[in-house]
1. Of all residues in the stretch 20-31 being without any contact (Cβ under 8 Å) to a residue 60 or more places away in the chain and open to solvent by 80 Å² or more (accessible area, probe 1.4 Å), which is nearest to the chain's Cα centre (by Cα)?
2. Can you tell me which residue within the stretch 198-214, out of those that are surrounded by 14 or more Cβ atoms within 10 Å (Cβ to Cβ), more than 12 Å from the ligand (Cβ to nearest atom) and part of a loop (DSSP other than H, G, I, E, B), is farthest from the chain's Cα centre (by Cα)?
3. Quick one: which of Leu144, Leu131, Leu91 is of a type in the set (A, V, I, L, M, F, W, C), open to solvent by less than 50 Å² (accessible area, probe 1.4 Å) and under 22 Å from Lys30 (Cα atoms)?
4. Condition test on Ala139, is it in contact with a Cys (Cβ under 8 Å, 6 or more places away or on another chain) and either in the same structural domain as Ile202 (by TED's automatic domain parsing) or more than 16 Å from the ligand (Cβ to nearest atom) (or both)?
5. Before we move on, is Gly136 out of contact with any Lys or Arg (no Cβ under 7 Å at 6 or more places or on another chain) and open to solvent by less than 40 Å² (accessible area, probe 1.4 Å)?
6. Step by step: first the residues of the stretch 148-197, then only those that are part of a helix (DSSP H, G or I) and open to solvent by 50 Å² or more (accessible area, probe 1.4 Å), then the one that is farthest from the ligand (Cβ to nearest atom). Which residue is that?
7. What tally of residues in the stretch 148-178 results from selecting those that are free of Cβ contacts under 8 Å to residues at least 12 places away in the same chain and farther than 26 Å from Asp218 by Cβ?
8. Which members of the stretch 32-56 meet the condition of being of a type in the set (Lys, Arg) and open to solvent by less than 80 Å² (accessible area, probe 1.4 Å)?
Amino acid sequence: MESNTHQHLKHQALLWLKAKMTDLCATEVKFVVQRRKRTADAVGINMKRKEARIVEVKASRSDFLRDEVLQGELGYDAVAAYAYILTPAGLLKKEEVPERYGLLEIDEYDNIKVIKRPVKNKKPKLKLETLIKRTGRAATNAFLFQQESKLSRDKTNGAFEKKALAHLVRITCAQCKKRNSYVIAPDAEEITCAVKTCGHKIEVHKGRPFHVTSYNEDFLKQLSQVAEQKNIYVVEDPVSKEKNVSDQRTS
Ligand SMILES: [Zn+2]
């Protein structure tokens, strides 16, 4: 899972790029360069200058040291006019930063300072058009995701998603067009519309479900503990239930 710091820095990188009068900005921009898949933390495009800038976020030294992309020939500096590394203040020494990259530092009040200027790459390995396309897609996806998230943000941050027993999804009924939340099995193919007067059988994959969060056994345990404490009800443990049945048989 992405650390909170990394996420925060990525967002600050986006704001910084936007302030540079860039026309199109996005985080998590996916692209392919010479068959290598890459995801840039933040990309900004300036149409007038016909330039792309990429900011790669490093929240810790270990994060920086284990990144092979930064040191390799097909790094972010190879595909855009300018590439930067953004870190908390004092994390890296100037000399450690790969040649063409700039170094940006952010303080505790989110002020970003240029510590080292990047060297312009006059012949990027990706066409600007390709980066515009990729950045446009990422920006559109982010916007749509945000619209959806207003209704159904995963406030658990995926706390119960390991070995999930069920997913909470939002899905629109093909018939009545009502959008509702459903708890479904990971392999569920069909669900019944929650609108009583409708009851349409919704084909899950065709309904393009939006995944809100997941629930596992740990969640079930904690939920039933709370329910027990509150004397609401006790979720029966299927194993002990079976045992009771066989006990009855033998007696
Ligand atoms: Zn319906």
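1. Initial filter on the stretch 20-31 (without any contact (Cβ under 8 Å) to a residue 60 or more places away in the chain): 20-23.
Then keep just the ones that are open to solvent by 80 Å² or more (accessible area, probe 1.4 Å); that gives 21, 23.
Working: Met21: 26, Asp23: 23 Å.
Among those residues, the one meeting the criterion is Asp23.
2. Val204
3. On the way: Leu144 fails: open to solvent by less than 50 Å² (accessible area, probe 1.4 Å); Leu91 fails: under 22 Å from Lys30 (Cα atoms).
Of the residues listed, the single one that is of a type in the set (A, V, I, L, M, F, W, C), open to solvent by less than 50 Å² (accessible area, probe 1.4 Å) and under 22 Å from Lys30 (Cα atoms) is Leu131.
4. Numbers: in contact with a Cys (Cβ under 8 Å, 6 or more places away or on another chain): yes; either in the same structural domain as Ile202 (by TED's automatic domain parsing) or more than 16 Å from the ligand (Cβ to nearest atom) (or both): yes.
Answer is yes for this residue.
5. Working: out of contact with any Lys or Arg (no Cβ under 7 Å at 6 or more places or on another chain): yes; open to solvent by less than 40 Å² (accessible area, probe 1.4 Å): yes.
So Gly136 fits the description; yes.
6. Applying the first criterion (part of a helix (DSSP H, G or I)) to the stretch 148-197 yields 148-152.
Pick out the ones that are also open to solvent by 50 Å² or more (accessible area, probe 1.4 Å) and you get 150-151.
On the way: Lys150: 22, Leu151: 17 Å.
Among those residues, the one meeting the criterion is Lys150.
7. Looking only at that region, the number is 2.
8. Residues of the stretch 32-56 that are of a type in the set (Lys, Arg), as a first pass: 35-38, 48-50, 53.
Scanning the stretch 32-56 gives Arg38, Arg53.
The values are calculated or read from the model by the stated rules, or taken from the named source; none is laboratory data. These numbers come from a predicted model, not from an experiment. Please note: Cβ atoms are built from the backbone with ideal geometry, for glycine as well, and neighbour counts cover all protein chains shown. Heavy atoms of the whole protein, side chains included, go into the accessibility calculation; ligands, DNA and RNA do not. Shrake-Rupley method; radii C 1.70, N 1.55, O 1.52, S 1.80 Å.
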